[in-house]
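Quick notes on the structure that follows.
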Amino acid sequence: MSRRPTAVLRLGSLGEVVQAGAITAQLAPVVFVTRPAWCALAAQLPGVVEARAAGPTLDLSDVDGVVDLQGSLRSRWLSRGAPGACRRLDRADLARRLRVWFKAAPPPPLLQRYAEAAGLPPPTGPWMAGSGAGPGVEGWGLVPGAAWANKRWPAARWSALIQRMPGPHTLFGGPEDGPLLAQIAEGSGRSPRVIAERGFVQTLPALAACAGVIGGDTGLSHLARALGRPTLVLLGPTTAEDGHWTGHPTTLSRPLPCRPCGRFGGPVCAMGDHACMQEITVDEVILAAQAMVSG
Ligand code: SF4
């Protein structure tokens, strides 16, 4: 008789769902419960046999155990009555707030807290390497968008990167990033490939085929790293120490005392100058990117 699946719940951002894939292989077979927008990607995570949309009609009567990586009231409600044991994430909400307000010590990395919630050893390595492999290696992937404005490097600098780095280039984003990607492409005076979709049909193979990826602190950058692509992350209002990029050391940032200024990034710079991103130059991004792929 086949084993009943474990339900894994993560409803948050794309990056948080991608990172959940670091433990799903060890929990296989997995039914992954997430927001409808992330179901197509969640279905690609290792060990996942089915992705189900979180909602009032969600049925988990066929699972044996729940790993709740959200740890929220909603995820508790969604997993109520599911058969088997339920383990939950330590959200570290207070530690994350103290980190932003008083620059206190960061909480344990998210991947470590995921593993602890599931009762597993800490994950290692790119957990989606080999997934969605496309035909050959296709130059640079660029991920300029981010849900929070403070996390975005200026559009003109992305255009300058395309002008100055050897191609081909692919601009990645979700449908909401379409206007930004078009602006960057137009500003470059070149014709980069643009992929702005939610279904990941083109995104996954194209990202997996990139020789290197440059992006902000956002979900598609996490996906590139999970796919095993060399990924340079430009960090502004968030920091590598805050948990999401631990073990992913290729980052560029400025050591400003105001960082981190928000748990998620924030819409407007409280200092008025957005120095955390404005001070990162095109020259240093090119140098860091070249060093990353050659080293
Ligand atoms: S410059 Fe400081 S306050 Fe402004 S967005 Fe960056 S980290 Fe936040």
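Other residues with beta-carbon under 13 Å from the beta-carbon of Ser61 carry, at +1 per Lys or Arg and -1 per Asp or Glu, a net charge of 0. Sequence-distant contacts, meaning Cα pairs under 8 Å at least 6 residues apart, place the relative contact order of the chain at 17 percent. With helices as the sole contributors, the chain gives -9000 deg cm²/dmol at 222 nm; each DSSP H run of n ≥ 4 counts as -39500 (n - 2.57), and the sum is divided by every residue.
Along each principal axis, taking the top coordinate minus the bottom one, the Cα set of the stretch 6-118 gives 44, 26, 24 Å in descending order. Our coupling estimate for the stretch 51-60, obtained by passing each phi through the Karplus curve with A = 6.51, B = -1.76, C = 1.60 and θ = phi - 60°, is 10, 10, 6, 5, x, x, 9, 4, 10, 10 Hz, Gly and Pro reported as x. Each Cα pair under 8 Å and six or more residues apart adds its sequence gap; the mean of these over the residue count of the stretch 6-118 is a relative contact order of 25 percent. With a simple spin-label model that places each label point 7 Å from the Cα along the Cα-to-Cβ direction, the separation between Gln202 and Ser61 comes to 4.2 nm.
Here each label is just a point 7 Å from Cα along the line to Cβ, and for Gln112 and Ala40 those points are 3.6 nm apart.
Given the chain, what whole percent of its Cα pairs are spread farther than 36 Å?
16
In this label model, Leu98 and Arg3 are separated by 3.8 nm, measuring between points 7 Å along each Cα→Cβ vector.
Axis angle, to the nearest 10 degrees, between helix 282-294 and the longest C-alpha principal axis of the chain: 60 degrees. Rounded, prolate or oblate: pick one for the stretch 182-255, where a ≥ b ≥ c are the square roots of the eigenvalues of its C-alpha gyration tensor, a/c under 1.5 means rounded, and failing that, prolate if a/b is larger than b/c, else oblate. Verdict is oblate for the stretch 182-255.
Quick note: the coordinates plus some simple rules give every number you see, no bench work behind them. Treat the numbers as computed from the prediction; the structure is a model and nothing was measured. Positions of Cβ are backbone-derived with ideal geometry, glycine not excepted, and every protein chain shown enters the neighbour counts.
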